[in-house]
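Novice: First the structure, then my questions, so here it is.
The values are calculated or read from the model by the stated rules, or taken from the named source; none is laboratory data. Only a predicted model underlies this, so the values are computations on that prediction, with no experimental measurement involved. Cβ atoms come from the backbone with ideal geometry, glycine included; neighbour counts cover every protein chain shown. Accessible surface areas use protein heavy atoms only, side chains included; no ligands, DNA or RNA. Shrake-Rupley method; radii C 1.70, N 1.55, O 1.52, S 1.80 Å.
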Amino acid sequence: MKIEKLTYPMPPEYLKEVFKKSTAEFDLQFGTVFLEKGTRIPEKDWTRHDQTKIVYIVSGKTHLFIEKDPDFKQLVQSGDSFMVEKNEAHRGEVIADTQLIFVLFGKKELE
């Protein structure tokens with residue numbers, strides 16, 4: 001067993017990996033993120049992962065967008081959670097300093 005206290009990275013870093021587990025069939029990454037107000041993630045275009053992602057917003061506010069639906073704009077804030085499917089292109093615009101917890105799971109296709 002491994003026990004870790006959750007802490008958040010300080011800028012310029014934004015992501016802290018807490019746990020990582022990899023087997024021949026499955027990969028998992030668990031961590032924390034701190035995003036400053038005014039940040040666009042990613043800086044340009046869209047981001048996508050070759051795993052499913054679950055996010056829990058601990059504090060802050062962020063607008064989420066998905067590429068496949070140009071009209072989609074969702075506010076997520078403290079207490080909200082969301083899931084992004086494998087390879088679903090998405091981005092965020094941070095409207096208040098945000099701390100979140102994330103889990104990426106499923107077999108990674110790329111290293």
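Novice: On the given criteria, is E88 farther than 29 Å from M1 by Cβ, of a type outside the set (A, V, I, L, M) and either open to solvent by less than 60 Å² (accessible area, probe 1.4 Å) or modelled with pLDDT of 95 or more (or both)?
Specialist: Judged against the criteria, E88 is a match.
Novice: Also: Taking the condition modelled with pLDDT of 95 or more, acidic (D, E) and open to solvent by less than 40 Å² (accessible area, probe 1.4 Å), does D27 pass?
Specialist: Yes.
Novice: Another question, then. Could you tell me which of the residues T39, T52 is of a type in the set (V, I, T) and either closer than 26 Å to I3 by Cβ or under 11 Å from the mean Cα position of the chain (by Cα) (or both)?
Specialist: Exactly one residue qualifies, and that residue is T52.
Novice: Considering only region 30-43, state which residues are assigned to a strand (DSSP E or B) and open to solvent by 40 Å² or more (accessible area, probe 1.4 Å).
Specialist: The answer is F30, R40, I41.
Novice: Something else about it: Being part of a strand (DSSP E or B), open to solvent by 40 Å² or more (accessible area, probe 1.4 Å) and not acidic (D, E) is true for just one of L100, L75, L104, L64. Which residue is that? Lay out the reasoning, then the answer.
Specialist: Values: L100 fails: open to solvent by 40 Å² or more (accessible area, probe 1.4 Å); L104 fails: open to solvent by 40 Å² or more (accessible area, probe 1.4 Å); L64 fails: open to solvent by 40 Å² or more (accessible area, probe 1.4 Å).
After applying the criteria, what remains is L75.
Novice: May I pose another question? Identify, please: which residue in region 1-24 is touching a residue at least 60 places away in the same chain (Cβ under 8 Å) and assigned to a loop (DSSP other than H, G, I, E, B) and is, among those, surrounded by the fewest Cβ atoms within 10 Å (Cβ to Cβ)?
Specialist: L6
Novice: Would you point out the residue of region 96-106, among those that are touching a Gly at 6+ places or on another chain (Cβ under 8 Å) and not polar (S, T, N, Q), that is nearest to T62 (Cα to Cα)?
Specialist: Only one residue fits best here, namely A96.
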